[in-house]
Amino acid sequence: RAKESGRGQVLFYEPVMDEKIERRRQLAAAMNGALERGEFHLLFQPIFRLAQNSIASCEALLRWHSPQFGPVSPAEFIPIAEENGLIVPIGAWVLEQACQAASTWPSGATVAVNLSPVQLRTENLTVMVARALKDSGLPAKRLTLEVTETVLLDDVERSVAALTALNAIDVCTTLDDFGTGYSSLSYLTQFPFQTLKIDRSFVMDLEHNPASIAIVQTIVELAAKLGMRTVAEGVETPAQLDQLRRTRCDAVQGYLLAKPMPAAEVAALFAEAAIGERSPGQAVRLPG
Ligand code: C2E
Ligand code: MG
Ligand code: MG
Ligand code: MG
């Protein structure tokens with residue numbers, strides 16, 4: 001709907017926009033005290049190493065079940081938590097919980113935790129991470145923190161310093177959603193990452209778009225040359241998995257292999273894999 005304003009200007013009035021702002025405001029209010037009330041929980045999504053067909057790692061994914069709004073997607077509530085600062089205590093809780101869960105997994109298995117840009121800019125990040133490790137008894141090597149590339153641009157020096165400090169205490173770092181932001185290849189040499197996570201948008205396209213095959217192939221080769229591992233996210237079909245095997249991607253994650261699941265199910269999966277298969281540890285049979 002357009003309204004005529006004073007001097008012949010036309011103002012667009014969008015009721016939909018008001019609704020969005022109102023929902024955001026209500027969610028922000030509902031988020032106050034949500035952590036203390038136990039409304040958050042974590043799911044874990046396995047990440048499989050292709051060479052050994054084994055579970056290499058699990059990514060911790062945050063869930064919020066609000067009594068008022070029901071389940072709210074992290075895509076919706078994390079930006080709000082970043083805006084009002086609640087992501088700092090919530091993120092610290094995520095890290096604690098994830099490290100505690102991982103400390104019960106086989107000794108080769110690592111846990112990946114998403115880190116918000118707001119957390120990356122907090123003064124005492126390394127101290128907070130070190131505490132979560134100490135409290136859980138999880139060795140630092142078994143934790144990797146995922147950061148999306150858009151984060152890094154705001155303040156390059158500070159991002160490099162924060163990531164370097166994490167590496168210095170033996171925590172690994174992963175560049176998440178690689179290829180979606182304003183990525184320049186030079187970032188790969190500027191920022192200290194041990195792993196590159198190839199964004200789902202490239203994986204989705206693998207079956208039908210030869211250009212995507214070329215891109216994924218190139219990312220994997222480049223990462224290898226720079227001494228980084230690669231994980232492809234969002235693998236949904238056997239054809240995509242096949243293609244990723246051919247490109248020698250190190251690891252894969254997606255609904256085809258396993259959905260995000262409660263900690264108890266992950267533990268059961270590890271236990272099952274340990275007794276079932278040939279190689280010691282966590283071998284599992286992948287489709288395809
Ligand atoms: P992300 O880190 O890129 O996580 C991968 C997302 O893809 C997850 O969505 C996961 O459930 C979904 N996914 C996994 N496999 C497939 C697949 O085969 N197909 C499709 N369509 N999706 C798949 P989720 O859990 O909704 O999380 C969305 C985003 O929210 C995450 O993207 C991450 O950026 C953020 N997030 C989640 N948990 C946390 C957290 O604890 N802290 C922070 N700062 N961000 C988080
Ligand atoms: Mg992630
Ligand atoms: Mg991702
Ligand atoms: Mg993604």
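Some observations on this one:
- Selection within the range 58-86 - on the phi > 0 side of the Ramachandran plot and in contact (Cβ under 8 Å) with a residue 60 or more places away in the chain: none
- Test result for Val203, part of a helix (DSSP H, G or I), within 14 Å of ligand 4 (Cβ to nearest atom), of a type outside the set (D, E, K, R) and over 15 Å from the mean Cα position of the chain (by Cα): yes
- Residues in the range 143-195 that are more than 20 Å from Val129 (Cα to Cα) and within 13 Å of ligand 1 (Cβ to nearest atom): Glu149, Thr150, Asp177, Phe178, Gly179, Thr180, Gly181.
- Number of the condition not met by Thr237 [criteria: (1) buried (at least 22 other Cβ atoms within 10 Å of the Cβ); (2) farther than 18 Å from Ala109 by Cα]: (1)
- Only one entry in Val231, Val220 is among the hydrophobic types (A, V, I, L, M, F, W, C), within 16 Å of ligand 2 (Cβ to nearest atom) and at pLDDT 95 or above, namely Val231.
- When the range 242-275 is filtered for residues that are outside any loop (DSSP other than H, G, I, E, B), small (Gly, Ala, Ser) and within 16 Å of ligand 2 (Cβ to nearest atom), only Ala251 remains.
- Scanning the range 206-232 for residues that are over 12 Å from Gly179 (Cβ atoms) and within 16 Å of ligand 4 (Cβ to nearest atom) gives Leu206, Val231.
- Scanning the range 129-164 for residues that are within 25 Å of Asp199 (Cα to Cα) and basic (Lys, Arg), we see that the one that is surrounded by the most Cβ atoms within 10 Å (Cβ to Cβ) is Arg142.
- Taking (1) buried (at least 19 other Cβ atoms within 10 Å of the Cβ); (2) in contact with a Cys (Cβ under 8 Å, 6 or more places away or on another chain) in turn, Asp250 satisfies each apart from (2).
- Among (1) within 16 Å of ligand 2 (Cβ to nearest atom); (2) at negative phi; (3) surrounded by fewer than 21 Cβ atoms within 10 Å (Cβ to Cβ) - the single one Lys225 does not satisfy: (1)
- Of all residues in the range 123-144, none are without any contact (Cβ under 8 Å) to a residue 24 or more places away in the chain and either within 16 Å of ligand 4 (Cβ to nearest atom) or under 23 Å from Leu43 (Cβ atoms) (or both).
Residue-by-condition table, conditions (1) within 16 Å of ligand 2 (Cβ to nearest atom); (2) of a type in the set (Lys, Arg); (3) farther than 28 Å from Ile219 by Cα:
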position: Gln119; (1), (2), (3): yes, no, no
position: Leu133; (1), (2), (3): no, no, yes
position: Ala140; (1), (2), (3): no, no, no
position: Glu149; (1), (2), (3): yes, no, no
position: Leu153; (1), (2), (3): no, no, no
position: Arg158; (1), (2), (3): no, yes, no
position: Leu166; (1), (2), (3): yes, no, no
position: Ile169; (1), (2), (3): no, no, no
position: Asp176; (1), (2), (3): yes, no, no
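- Within the range 147-158, none of the residues are more than 20 Å from the chain's Cα centre (by Cα) and under 30 Å from Gly108 (Cα atoms).
- Only one of Val113, Val94, Val118 that is within 16 Å of ligand 4 (Cβ to nearest atom) and of a type in the set (A, V, I, L, M): Val113
- Qualifying residue in the range 233-241 (condition: assigned to a helix (DSSP H, G or I), within 16 Å of ligand 4 (Cβ to nearest atom) and closer than 21 Å to Lys259 by Cβ): yes
- Scanning the range 21-36 for residues that are surrounded by 11 or more Cβ atoms within 10 Å (Cβ to Cβ) and assigned to a helix (DSSP H, G or I) yields a count of 9.
- Residue ranges of helices (runs of 4 or more DSSP H) in the range 146-198 with at least 1 members within 27 Å of Ala214 (Cβ to Cβ) and away from ligand 3 (no atom under 15 Å from the Cβ): 150-153, 186-190
The values are calculated or read from the model by the stated rules, or taken from the named source; none is laboratory data. Computed from a prediction, not measured in an experiment: that's the story for all the values here. Virtual Cβ from ideal backbone geometry, glycine too; neighbours counted across all protein chains shown.
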